[in-house]
Structures are given as C-alpha cells and as structure tokens.
Amino acid sequence: MRGRLAAALMALLLLVYLVLVGWQAVKFMLTGEPIGIVIGGALIILPIVGVWALARELQFGLGSERLLRRLDAEGELPVDELPSRPSGRPYRDAADADFPRFREAAEADPENWRAWFRLGLAYDASGDRRRARGAIRTAIALERRA
C-alpha cells in the first residue's frame, strides 16, 4: 500500500511539474528568439521522457505485484530460510549459495514464468537488482503470453 501511495504522489508531482514546465516552454517559444525556441523545445521533450519512464516503472511495479500475489495464492513462493541481517536483507553469501537452484530451474523450463519470477527473487536476494528486474520482466512477459 505504501508503494502505491508513493507512486501516486510521484505521478501527481510529475503532473504539476509538466504543467509548470509546459507553461515556461510556451513562454520561451513565444520570444521568437532561436535560443528561446530551442530551450522551449527541450523543456517539452524532457518531461515527455520522464512520463514514459514513470509509466514504465508503474507497469513493472503493478505486473510484479500481480505475479507475487498469484504465486503466493498458489503456495508457490520460495520459502525464505536464508539467514538475514537485522534489516531483513539476507546475507549475500547465503543467498549466493542458494541461487543455483533457481537459475537451473529457469534454464530447465525457459517458458515458465514462475521459474523466472523465483529467479528474479533470488537475484534480488543476492543483491543484483539489475538482473532481478530483468528476470521479473521476463516473468511478466511470459505470464501475459500464457
């Protein structure tokens, strides 16, 4: 719930930013000066890129949350038995030692979104966020095709 509230707040702030920057962009362009027109154009393009990035992150968050709920409902989430720090994050050595079974499961059945989602969780436990997100994106795409 907290993540959704933060995402909604971020989207609202982006909307306010777009309105304010859009107004400044129009003012720059109305000067008729070449540099003003270039700055105005940049002020319009950059927020569009921001909206695209935010939309992509929201899609990822909603998709991964949906798969997490589905795996949990099916009783298919991996049991978290790794020793953890006081913060709740697992010790990396323990996560790395547990990782091969998830990688092998995804390699053995590359069309199984559940295996890819579990692999993403294992990457995350090992501290490799980039690969975790990639594996979870693969899981989302596979589940949509199924």
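Results, tabulated for the structure shown:
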| quantity | calculated |
| --- | --- |
| Hits in the stretch 126-146 - residues which are under 15 Å from the mean Cα position of the chain (by Cα) and polar (S, T, N, Q) | THR138 |
| The listed residue being under 28 Å from ALA122 (Cβ atoms), surrounded by 11 or more Cβ atoms within 10 Å (Cβ to Cβ), aliphatic (A, V, I, L, M) and in contact with a helix residue (DSSP H, G or I) (Cβ under 8 Å, 6 or more places away or on another chain), out of ALA11, ALA7 | ALA7 |
| Odd one out for LEU82, checked against (1) closer than 18 Å to ALA132 by Cα; (2) over 23 Å from the mean Cα position of the chain (by Cα); (3) free of Cβ contacts under 8 Å to residues at least 12 places away in the same chain | (3) |
| Members of the stretch 117-132 found to be crowded, with 17+ Cβ neighbours inside 10 Å and in a helix (DSSP H, G or I), listed by number | PHE117, ARG118, LEU119, GLY120, LEU121, ALA122, TYR123, ASP124, ALA125, ALA132 |
| Test set (1) in contact with a Lys or Arg (Cβ under 8 Å, 6 or more places away or on another chain); (2) surrounded by fewer than 15 Cβ atoms within 10 Å (Cβ to Cβ) - PRO86 fails condition number | (1) |
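Read-outs throughout are calculated quantities, based only on the coordinates presented, and are distinct from any laboratory measurement. None of the values given here were measured: they were computed from a predicted structure. Quick reminder, even Gly has a Cβ in these numbers, built from the backbone with ideal geometry, and neighbours come from all protein chains shown.
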